[in-house]
1. Name the residues in the stretch 99-108 that are touching a helix residue (DSSP H, G or I) at 6+ places or on another chain (Cβ under 9 Å) and either outside any loop (DSSP other than H, G, I, E, B) or over 29 Å from residue 69 (Cβ atoms) (or both), would you?
2. Any chance you could count how many residues in the stretch 245-262 are buried (at least 18 other Cβ atoms within 10 Å of the Cβ) and more than 15 Å from residue 198 (Cβ to Cβ)?
3. Condition first: outside any helix (DSSP H, G or I) and touching a residue at least 24 places away in the same chain (Cβ under 8 Å). Now tell me which residues in the stretch 109-144 satisfy that.
4. Of the residues 242, 283, 277, which is more than 18 Å from residue 213 (Cα to Cα), crowded, with 24+ Cβ neighbours inside 10 Å, touching a helix residue (DSSP H, G or I) at 6+ places or on another chain (Cβ under 7 Å) and at pLDDT 95 or above?
5. Tell me, which residue of the stretch 255-287 that is without any contact (Cβ under 8 Å) to a residue 40 or more places away in the chain and assigned to a helix (DSSP H, G or I) is nearest to residue 394 (Cα to Cα)?
6. Do you know which residues across the stretch 189-230 are at pLDDT 95 or above and over 16 Å from residue 153 (Cβ atoms)?
7. Looking only at the stretch 209-249, which residues are within 22 Å of residue 186 (Cβ to Cβ) and in a loop (DSSP other than H, G, I, E, B)?
8. Can you find even one residue in the stretch 81-88 that is within 15 Å of residue 237 (Cα to Cα) and outside any helix (DSSP H, G or I)?
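The values are calculated or read from the model by the stated rules, or taken from the named source; none is laboratory data. A quick note: this is a predicted structure, and the numbers were derived from the prediction, not measured. A quick note on method: Cβ atoms are made from the backbone with ideal geometry, for glycine too, and the neighbour counts reach across all protein chains shown.
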């Protein structure tokens with residue numbers, strides 16, 4: 001579906017005019033389409049048919065409680081990477097038994113809390129972590145279910161900051177060491193080895209790397225079976241990309257069916273394995289947009305700048321990854337002359353831009369929508385330059401709901417305090 005369309009030349013999100021949202025809430029403001037979030041998750045889930053599976057939404061993509069609640073109502077599982085994300089899932093109504101805990105640096109307190117809530121399993125990323133989980137579980141008189149996250153050393157065509165499946169990555173256990181770690185796990189009294197996990201990176205737009213990683217993981221499954229390890233599931237990770245510019249990634253159902261077909265061609269011995277996937281960006285990325293207003297137009301002879309009220313603290317991806325987001329005016333038709341603009345924010349950094357060389361016919365006061373901003377937008381935002389974070393809105397048909405109010409300056413400063421008055425020595 002297309003969550004953002006034009007009606008009579010005006011931008012709409014589902015059945016709500018974008019202008020109506022900014023008139024009430026101002027800018028910058030994130031908006032999300034509930035219908036698209038739901039349809040994307042269902043596309044993954046329904047593609048499995050009768051195969052035992054669990055679709056775990058990657059909370060780091062967008063952790064707003066309302067989005068998590070929408071997915072929890074559908075029966076979603078959740079992939080988390082911190083104790084804070086676990087608490088968000090619980091408050092949003094997610095089931096702990098459908099939570100997979102990933103990440104290389106789980107603390108003792110986080111491990112204990114996860115065990116107390118009864119999560120599905122930990123994705124273990126090192127031998128040291130495995131031993132720590134065993135120790136914490138022992139202290140709580142519990143058995144921890146774990147999967148070994150293996151690093152298959154698969155090269156992918158993506159930004160190096162989001163490539164996680166190479167040998168030099170901090171993530172996962174090298175696949176050639178995994179059998180030895182699995183053998184050690186079997187001797188730990190408070191560990192139950194139930195699966196293998198693999199996540200090779202983010203914003204992948206073709207199936208070949210996923211298939212290559214699956215083949216390598218299945219070879220390890222065979223080796224472990226031969227040594228007497230009976231696994232319950234495979235966690236094949238997430239990472240399916242979206243179309244920001246001209247990318248044409250597989251659709252969710254195409255992604256799932258390609259994995260299922262590969263499993264079938266490899267033989268019947270894997271039919272008992274539950275399949276877990278962890279999509280994030282592919283569910284919320286294109287369901288969201290950042291709305292902003294043009295404050296000033298600046299022409300310096302060689303460059304044209306549109307200075308907007310959103311900035312790199314609101315949407316970090318362009319500054320961090322040199323990422324491309326489509327930027328469109330609310331009004332489809334304009335009487336203004338078109339120029340190539342750099343779309344820049346108020347933050348005092350040369351890297352504060354949301355787009356470069358965009359042909360736009362705009363004037364000061366006009367509103368713009370930065371598309372494909374539902375993933376790693378608000379969740380990566382900050383208060384740099386003491387800027388309050390943007391409001392967030394969920395559009396639901398012809399209505400919209402505020403799901404995060406705009407921060408105030410008082411919100412930012414409330415955790416801080418001054419030093420006591422100095423004692424003057426006479």
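1. Correct list: 99, 101, 108.
2. Let us first name the residues in the stretch 245-262 that are buried (at least 18 other Cβ atoms within 10 Å of the Cβ), namely 249-250, 252, 255-256, 259.
Those left that are additionally more than 15 Å from residue 198 (Cβ to Cβ): 249-250, 252, 256.
Number satisfying all stated conditions: 4.
3. Our first condition is that a residue be outside any helix (DSSP H, G or I); within the stretch 109-144, this holds for 118-126, 140-144.
Across the stretch 109-144, the qualifying residues are 119, 120, 121, 122, 123, 124, 125, 126, 140, 142, 143, 144.
4. Working: 242 fails: crowded, with 24+ Cβ neighbours inside 10 Å; 277 fails: more than 18 Å from residue 213 (Cα to Cα).
Going through 242, 283, 277 in turn, the sole match is 283.
5. Checking each candidate, the answer is 261.
6. 189, 190, 191, 192, 193, 194, 195
7. Of everything in the stretch 209-249, those that are within 22 Å of residue 186 (Cβ to Cβ) and in a loop (DSSP other than H, G, I, E, B) turn out to be 227, 228, 229, 230, 231, 232.
8. Taking the stretch 81-88 as the starting set, the residues that turn out to be within 15 Å of residue 237 (Cα to Cα) are 81.
After this cut, where a residue has to be outside any helix (DSSP H, G or I) as well, the list is 81.
Checking the stretch 81-88: at least one residue is within 15 Å of residue 237 (Cα to Cα) and outside any helix (DSSP H, G or I).
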